[in-house]
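Asks: I have a structure here, written as structure tokens, and I will follow up with some questions on it.
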Amino acid sequence: MLYLPQKLTGWLITIVAVSMSVFHLYVAFFGAPDAYVMRGMHLAFALALAFLILPGRDGKAKSPNLFDLALLVAAAAASLYPMFNLEYIRMRMYYVDDPTALDYVFGITLILVVMEAARRATGLALTVTAALFLLYGLTWGNQSVGIMLDQLYLTTEGIFGIPLYVSATYVMLFILFGAFVERSGAGQLFMDFALALAGHTSGGPAKVAVITSSLFGTVSGSAVANVMTTGTFTIPLMRRTGYRPAFAGAVEAVASTGGQLMPPIMGAAAFVMAEFLGTSYLTVAAFAILPAILYYVAVFMAVHFEAKRIGLKGIPKPDLPRLGKVLRERGHLFLPLFIIVGVLLSGYSAAYAALCGIGSVIPTTWLRSTTRYTFTPRAIIEALEAGARNTLVVALACACAGIVIGTITLTGLGLAFTNVVMAASQNLLLPALILTMLAGIVLGMGLPTTPAYIVQVALLVPALVRLGVEVEAAHLFVLYFAVLSAITPPVAMAVYAANGISRAGLMESSWAAVKLGLTGYIIPFMFVFGPSLLMIGEWQVILGTVITATIGVTCLAAALHNYFFFGHTHFWERLLLLAAAFVLINPGLYTDIAGASLVGLTVASQLLLARPKRGEAEIPFIDAPETQPVAPATRERQPGE
């Protein structure tokens, strides 16, 4: 088999990736063309990159061979065929006019190459899911090949549907923004800022991981990428402080996973949500902000209580960066984030906000001599290439998810599934929520967050809405569990990534992550039963809900980690804290009074039965170099290794 030279392959990847980024910047500045032009070009670029970057049948060959190049050419032709036949596409009556022979050839080709590229980029699960839905449509769904082809290829209800539109219009630009921000040195700013704020406190490095990951997650949108970027520093630092390797990896995995839920820049699924809801991204970010803050408050308190329980000290202040110096030297690198938020608040679109953010990154680095020479021409090319590379998985997942959504819409499977959920839950909300939670976690284990969310929207959200759940709460509910699958055993990809650094046992780290992130599994129930947590309702009610929810998640963290503010907890105190946490899930006067009473009883018990604290001999910070040798990995083999 003939292979392309690696050097030539590298040049081709750079040319295609940079061209993709430049095309999207051009469109964002001058305005979007026809849907088939925009989405077809986006998909053609993504497929071309897929077969260049992931060559070979296993996606791991060093260079593409003739078969990969043939797939590349076929993918480009099939993606661009509607663009070059716009008049024909517009004039024909879909579901009435029979597709032509060329329609069949290019349509079937695109379906197959999208599934193959998605398999190489995301694994087998998404491709198998799409194949099963295709099979359902052609058999039990009683649809002909021609009708299926119409839906999936010759309309914007399938491959070229809303998910791919969101990927092409919003996601690409925000990922490109993240690539530029990374190269500006903002990652170091986030780390030093967190160290200066929390590094000296008990268990400071774990709190640094939480703060840094929440900040970096706003520009990353990927749990695994977040772990691999911030975890290489925070996990060894936590281990040197005295945390168990499994706990250190779990902290980073849980904190990084929450980045997809944290505004102002959430994961790609949030942009899809805005389209499904028919609202602005700013509105989605607004009702996501309080649950995201609660998530990080819970994780922060969990690491605090764990540190106090085992007697960990922080990093000595002389070894930490000074906050004033950090802000003087690099604080200006926060400006692009503020600009994006400001543009969104001014009423402009998310795409325009991203464009303004990208345009502000390089001028921002000129404001201080410490960052003035960050962006050389080579660095700009690398940022443009990285933005396109990082978009690859999202674009292919959205295209493949379009096959699933198109089939569900055409066959009416969504309505049938809604009836199944209603029947299984006996028309009761709590059982329906639990079924939805389990389905979301299972789907998220095999699929990237965005397609997992998209499939749930089609199959599960209608049932929740019929049971009286606010539509915003229903969408955010399924998103949370699609995201949290990244830390849920047995397939916990964020934990896998963290384990590669912490070198802990896989299952030990996974269960430590579940324990740390348990509040994240409860928060969705809180905003379903109390929509005021989504900033829906009067401000007095919203404020009261936030206060009681904060107390609730703090109680849960304390119960799970055997420590409250006044010392270690007895068994009955942990039970009281657990009861308080679960009572405060459902906001209301009586539940709030009950929760406050339980917390009061716990505090009284601790004060009356005060005893010498275990772990009083604090574990000092071990001042070892970051490059100290680490024991060889003893983790389980990961899928695909």
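None of the figures in this text is laboratory data; all of them are computed from the coordinates on show. Computed from a predicted model, the values in this text were never measured in an experiment. All Cβ positions, glycine included, derive from the backbone under ideal geometry; neighbour counts span all protein chains shown.
Asks: Give me Rg over Rh for the chain, both radii from the alpha carbons and Rh done the Kirkwood way, two decimal places.
Replies: 0.98
Asks: Report Rg(Cα)/(2.2 N^0.38 Å) for segment 492-608, keeping two decimals.
Replies: Computed over Cα atoms of segment 492-608, the ratio equals 1.22.
Asks: Sort Cys400, Cys356, Cys555 so the one with the fewest other Cβ atoms within 10 Å of its own Cβ comes first.
Replies: Fewest to most other Cβ atoms nearby, the residues stand as Cys356, Cys555, Cys400.
Asks: Determine the relative contact order of the chain: mean sequence separation of Cα pairs under 8 Å and six or more apart, normalised by residue count, in whole percent.
Replies: Here the relative contact order equals 18 percent.
Asks: A further question on this structure: Mind checking segment 39-85 for trypsin sites (Lys or Arg not before Pro) that DSSP puts in a loop (not H, G, I, E or B) and that have at most 15 other Cβ atoms within 10 Å?
Replies: Arg57, Lys60, Lys62
Asks: Let me check against my output: what whole-number percent is the relative contact order of segment 283-385, with C-alpha pairs under 8 Å and at least 6 apart?
Replies: After rounding, I find 20 percent.
Asks: Oh, and also: With labels modelled as points extended 7 Å from the Cα through the Cβ direction, what inter-label distance (nm, one decimal) is found for Arg90 paired with Ile434?
Replies: Modelled inter-label distance: 5.4 nm.
Asks: Go ahead and estimate [θ] at 222 nm for the chain from helices alone: -39,500 (n - 2.57) per DSSP H run with n ≥ 4, summed, over the residue count, rounded to 500.
Replies: -23000 deg cm²/dmol, from helical runs alone.
Asks: Stick to Cα atoms and the Kirkwood definition of Rh, then tell me Rg/Rh for segment 6-155.
Replies: Rg/Rh: 1.00.
Asks: Which pairs break 26 Å Cα to Cα here: Lys325/Lys515; Lys308/Lys515; Lys317/Lys515; Lys7/Lys60?
Replies: Pairs exceeding the cut-off: Lys325/Lys515; Lys317/Lys515.
Asks: Reachable aspartates and glutamates from Lys207, Cα under 13 Å, same-chain residues fewer than 8 places away excluded?
Replies: The reachable aspartates and glutamates, counting only those whose Cα sits under 13 Å from Lys207, are Asp192, Glu252, Glu306.
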